[in-house]
Every structure is written in C-alpha cells, then in structure tokens.
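Okay, structure first, notes after.
What follows draws every value from the coordinates through simple rules; no lab data is involved. Only a predicted model underlies this, so the values are computations on that prediction, with no experimental measurement involved. Every residue, glycine among them, receives a Cβ derived from its backbone with ideal geometry; neighbour counts consider all protein chains shown.
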Amino acid sequence: MSKVVLLAINSKYIHSSLAVRMLASAISAYSRLQHDVIVIETTIHQDINEVAALISSSNPDVVGISTYIWNAAMLQGLLGTLKTMLPSAIIVLGGPEASHNAGFWQQHGADYVLRGEGEHSFPRLLDELSSGEAEPIEPSGALSPTNLSDAIAVIDPYSKEYMDALDGRIAYIETSRGCPFRCSFCMSAGSDVRFFPIDAAKERLGKLAASSTQTVKLVDRTFNSDIRRAYELFEHVIRLDTECHFHFEVAADLFDDRTISLLKSAPPGRIQLEAGLQSYFEPALRAASRHMNMEKADRNICELLDHGNIHVHVDLIAGLPYETLPDFQISFDRAFALGAHTLQLGFLKLLHGSEIRERAGEFRIRFDFNPPYEIISSPWLSAEDLHILKEAENALQRTYNKGRFLSTLQYVLSASGIRPFVLFSKLGKAAPNCGTHLSLYALEVYECLSKLPNVRDDELRDSMVRDWLMMVKGKNLPPFLRNPNERRTQLRVLAEKSLGRAIERSEAAVLLSGKGVFVDSNDRDPVTGLHKLHTMDFPA
C-alpha cells in the first residue's frame, strides 16, 4: 500500500477544489492496488514552509499536486522545499499549468507530469509506482472521449469527507468537458465537448444544493453549447428547494426564447450567468478566432437583465490583437451600457497551450513570462495604454463591480455627459485602490466626481448618502456626508413606525434636499446584494 497526498492550492480560502476530490474518487474506483489517500487543501496565501510541513506530516510516498495559473508561482518554491523535506517521495503534477509545460516542471522537481485528464492515468501510475513497474518518463494518459460517461458514472467526488470539508465554501461541479469554440486565448479551444450523464449531473446538483455551500459554480466551459440539455439542467436547478446560488459560464448568443423564458421564472438570485463578450472590435475577434453574434448576445443579455431575477456578469479582454485603446473604450462603453451587475475588465494572458501564446512573436506581443503571463505591450497597446486601462479597471472593480455608489455613477454620467470609460479612468487616477478604508475612499470618490462638469454638489452628496445606506450595513456615514439636521431623530421614529421595529442610527439619514431616507437591513436584494431604500417626506 502506498500513502498518497493530493494537494490543492486554492486562490482563496472561500474556494474548494474539485480536481483533487475527483482524483481521490478515481483512485478508489480504478486502482488495482490499495492506496491510502489524504486530501489537503491550502491557499496561495499560506507560507510555503507551512504547506510543506502539513504535507510531510503525513509522510507520503506520493504527492499529487493540481496546478493552475493562480498557484504556479508559489509552486516553484514549494517543490524545492518538498524535495528537501521528503527526499524519497515521488512528486506528480497535473492540471493545465503542468500539462502544457511539462519540461519546465520536471526541471523544478516534478518526477512525473500527467497530461490531460487524470482519472485513469493517475490511478494507473500509482499502481505502477507501488509495483515497481513505472518508468521515469512523462506518462500520457488522457481519458478517451468514449470512456467519459462510464468513468464519471462511478466517480463521485462529493463524499461525506468532501461535504464536511466544504464548510460553507464555494462548491464546484462539472457536467461537461471541452468547448466547441476555438478562441485563441483559451486552453480549452476546440476540444471535443463530452457530456456527463444528465441524471448523475442532476443528482450531484441536488446533493450540493442540500450542502452547507451558498454558491455552486459549474465549471463547464460553455454550459449552453447544447441548449436542450442546458434547458433541462436549468429547469432542474430552478425547481430545487434551496437557497444556493448557481453560477454558469455561458455564450449569450446561444440562448433561445424558450430558455430565456425559463430563466425568468427562476427564484431571484438562484441563477448567476457569466457571459464572455471579450470585445466588440471585429478585427480583434477575428484574430482571436472568437465567433459570436454580438447583436444577439446584447439582446439576450438585456432580456435576461430586464426581469431582475438573475445576476449577470460580462467579461471583456484588453490586449487582443489589433484593438487599440480608443477601440477598447468603445467596447467598454457598449458593454457597460448593457447594465450587467458585473463588468469584468480582464487583460490578455498568454497561457501555455494557447494559440495566442504560440503566435505571440507573429503579433509582436510582449508578455510577462511569469504567471499569470499577462500582456506587457503590443503594437496596438503601449505600456502607458495598459496603465490607463489598469487604472480604469481598479476604479471599476472598487465601485461598480462591488455594488458601490451605483446611483452616484449613473447621476454623474448623466449630468456630466462623459463616457463610462473616461469616468472610470478619471476615478482610477484620482482615487487609486491602495487598501484605503472605505470611508476615506468615499471621500476620494466625492472629490474626484465633484470636479466634473455640471455635477451639482447637493445632488452628488445625496446620491452618495443613498448609496452608502444601501451598500453598507452597520457603518456610520463618512463625516463629509453627514447632515446635522435636527429632524434625524424624527426620521428614526417615522422609520421605525414604518418598519415595525427599531433601527440603528446608521440606517437613516436626512438628505440635503430635505427628504428622509432609511434602509431595511432585513430586506436585501438576492441579486444585487443591496438593502432596500425607503424615501419619505416629513409631515408638515
């Protein structure tokens, strides 16, 4: 019997690892020999020596590590430490970072690198290591597409041990593998799509819905690539008796009217959709082999947002070939106009195994050779351009994407007439996110926005007060937003009468307009996360 440690290094504690649980179940299902498997989950924020000591305390014969872009930088140091602490242990790497860069990882201490899917190859390697049959080469054991349904039918990662370890963290599930599209920036480009048995998918979704998690993320690359199957699984999730949120990555242009109608029937907050738009600039989309009906995608996103029950997240990628800063600003403004709850401004990453990395020289794209392999400059975006984009992304992430100052941003955009990208660029330059306390950050936001043309100070302050009450619970208004109005006590009395209960001082404020506002901290929108705001006039 060999002792095996399966190590996951997550980006945050709130995340859990699906890969190591799948491998643990696969070892039980497919190994000819018996192996003692221990699953360890850590994060990139833990000290390398602490992680190594945790692993070595089990005195394993084999250490299997799941590698990704977020843990690759930490992993290099960890492998050296493990080799010192466990000189006789065999280190096996798998996952996308190792699969596409095997030689590098073998030079840094990996004894074996498994390419592709490991459900069959890893158990086989463990048996060979235990029996002395393994050769010191790089095994290649990709799971055959024809075997996937049979394999997954007996591999269930959601054991009691997993459920106990979940402890409220985000849970992950896959109902398919592969992607039909060939986007050059993605490692999954053009891989065959294989679907897990739909009954097994439903059963596992139900199991997670009854667990301690609040969010279940489906890792399918394009969940709705088969719209009939997607409809059936959406319908199943909608019918579950649960408070969980289910997050799906989708192609917005693939939705049909029937599926959109179904999604509108979902309980508020039950469904979260992440739709990758990437760009509206046609030359960039062609260069990235990104094919999408953008007009239909826009219509579907607006239709999904219109009912107000689904949280919608859209993505853009800055740095695609041929898209200049002015071109990207147009893409950004068009995406922002959709009104999605989250607009992620990401930056091109030239991942190992992606076509865009292989063509980096052809496109003359300079990028960082250290993870996450982000673009440094190109013929279309200078380093200075990217700095401007980073500033805008900082402001976008700190405000809009966190549900902060939403009505304030809309007021300023309307009053000043400036474009959304310009606004976030100005805000990012004036109020950089350097770990500033929220009250101080609010002051920086106010000072920046108050200087914009046609922005009235009283309306700006009142907008920020309303936003503060909705987005922050239990924190007093920043001093610059406080209105020492003698009617504040009267307002609390009226608010408590309206709500039928006592409220905190921080939950009510008198606006400069003379109106009173208060929030119901027990009434939080499950889609936006904001508290319900009430406005009232004082009796004559």
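Database remark: amide H of I91 closer than 5 angstrom to the amide H of V63, D111, Y112 (H placed geometrically; neighbours at sequence offset of 5 or more, or on other chains; Pro and chain starts carry no H).
Can you figure out the FRET efficiency of E459 with S57, using R₀ = 51 Å and their beta-carbon distance, to the nearest 0.05? Numbers along the way, then the final one.
On the way: r = 61 Å, r/R0 = 1.19.
Computed FRET efficiency for E459 and S57: 0.25.
Taken over the C-alpha atoms, the range 284-395 has Rg and Dmax values of 15.1, 46 angstrom.
If we count other beta carbons within 10 Å of each Cβ, what is the order of T489, T259, fewest first? Intermediate results must be reported in sequence, preceding the final value.
Numbers: T489 12, T259 20.
So the residues, fewest neighbours to most, are T489, T259.
Along the range 298-311 the Karplus relation, 6.51 cos²θ - 1.76 cosθ + 1.60 evaluated at θ = phi - 60°, assigns HN-Hα couplings of 4, 4, 5, 4, 5, 5, 5, 6, 4, 7, x, 9, 10, 7 Hz to successive residues, with x for each Gly and Pro.
For the range 5-53, the Kirkwood radius over C-alpha pairs fed into Stokes-Einstein at 10 °C and 1.306 mPa s yields D = 134 µm² per second. Using bins of 5 Å that start at zero, the share of Cα-Cα pairs per bin across the range 456-536 amounts to 3, 17, 29, 27, 17, 7, 2, 0, in whole %. Cross-linked pairs K217/K402; K475/K515; K264/K296; K12/K349; K390/K473: Cα-Cα separations exceed 23 Å for K390/K473. Residues in the range 264-276 carry Karplus couplings, in order, of 5, 8, 5, x, x, x, 5, 10, 10, 10, 10, 10, x Hz; the curve used is 6.51 cos²θ - 1.76 cosθ + 1.60 with θ = phi - 60°, and Gly or Pro positions show x. Here the label points at S131 and M163, each 7 Å from Cα along the C-beta direction, are separated by 3.5 nm in the simple model.
Of the beta bridges DSSP finds with both residues in the range 217-359, what % are antiparallel, to the nearest 5? Intermediate values should be presented prior to the final figure.
On the way: 0 of 18 bridges.
Approximately 0 percent, going by the DSSP bridge assignments.
Could you tell me the relative contact order of the chain? Use alpha-carbon pairs under 8 Å, at least six residues apart, and round to a whole percent. Across the chain, relative contact order equals 8 percent. Distant-in-sequence amide contacts of A318, defined by a placed amide H-H separation under 5 Å and a gap of 5 or more residues or a different chain, comprise G346, F347, L348. Averaging the Cα positions of each part gives two centres, and for the range 462-492 and the range 1-60 these lie 49 Å apart.
What dipole magnitude, in Debye to the nearest 20, does the range 456-536 give about its Cα centre under +1 on Lys/Arg Cβ and -1 on Asp/Glu Cβ? Each step should come with its number before you reach the end.
Working: 15 positive and 12 negative charges, 44 e Å.
The calculated dipole for the range 456-536 is roughly 200 debye.
When the range 287-371 is described by a simple charge dipole with +1 on each Lys and Arg Cβ and -1 on each Asp and Glu Cβ, the residue from N293, N370, L304 located farthest towards its positive end is N370.
K515 to C434: FRET efficiency via 1/(1 + (r/R0)^6), r the Cβ-Cβ distance, R0 45 Å, to the nearest 0.05?
Efficiency computed from Cβ-Cβ geometry: 0.80.
Note on K3: lysines with a C-alpha under 23 Å away, same-chain residues under 8 apart excluded, are K83, K160. Antiparallel beta bridges, as assigned by DSSP with both residues in the chain, represent about 25 percent of the total such bridges.
Here the Debye sum runs over all C-alpha atoms of the range 200-347 as equal scatterers in vacuum, and log10 of I(q)/I(0) at q = 0.10, 0.16 Å⁻¹ comes out as -0.36, -0.85.
Which value, in debye to the nearest 20, gives the size of the charge dipole of the chain about its Cα centre, when Lys and Arg are +1 and Asp and Glu are -1 at the Cβ? It would help to have the intermediate numbers written out before the result.
On the way: 56 positive and 67 negative charges, 305 e Å.
Here the size comes out at about 1460 debye.
The alpha-carbon of K497 sits under 19 angstrom from the alpha-carbons of these aspartates and glutamates, leaving out residues fewer than 8 places away in its chain: E486, E507, D520, D523, D537. If the chain linking S261 and D199 were pulled fully straight, counting 0.36 nm for each residue of separation and taking away their Cα-Cα distance, it would gain 20.0 nm. The length gained by stretching the chain between V219 and K497 to full extension, at 0.36 nm per residue less their Cα-Cα distance, is 95.4 nm.
Per-residue Cβ neighbour counts within 10 Å put K217, K515 in the sequence K515, K217, beginning with the fewest. When the square roots of the Cα gyration tensor eigenvalues are ordered a ≥ b ≥ c, the ratio a/c for the range 382-455 is 1.5 or more and a/b does not exceed b/c, which makes its shape oblate. Amide H contacts under 5 Å for L6: I38, V39, I40, G64, restricted to partners 5 or more places along the chain or on a different chain, H placed in the peptide plane at 1.01 Å from N.
If each DSSP helix of 4+ residues adds -39,500 (n - 2.57) and the sum is divided by the residues in the chain, what number results at 222 nm, nearest 500 deg cm²/dmol?
On the way: 22 runs with 221 residues, N = 540.
Helix-only estimate at 222 nm: -12000 deg cm²/dmol.
Figure legend: label point modelled 7 angstrom from the Cα of Y13 along Cα→Cβ; residues of the range 200-241 with amide N under 19 Å from it are 212-215. FRET efficiency for the R487 to L413 pair, using the beta carbon distance and R₀ = 30 Å, is estimated at 0.45. The modelled label-to-label distance for the pair C302/S450, using points 7 Å beyond Cα in the direction of Cβ, is 3.7 nm. Think of each Lys and Arg Cβ as +1 and each Asp and Glu Cβ as -1; about the Cα centre, that makes the dipole of the range 170-379 roughly 360 debye. When only alpha carbons of the chain are considered, Rg and Dmax amount to 25.8, 90 Å.
Simple rule: put +1 on each Lys or Arg Cβ and -1 on each Asp or Glu Cβ in the chain, find the dipole, and look at F405, P321, I55; the Cα lying farthest toward the positive end is F405. Spin-label model, R359 to E232: label points 7 Å out along the Cα-to-beta-carbon direction sit 3.6 nm apart. The residue among A337, L477, H15 whose Cα reaches farthest toward the positive pole of the charge dipole of the chain, with charges on the beta-carbon of Lys, Arg, Asp and Glu, is L477. Each Cα pair under 8 Å and six or more residues apart adds its separation to the average, and for the range 170-379 the resulting relative contact order is 18 percent.
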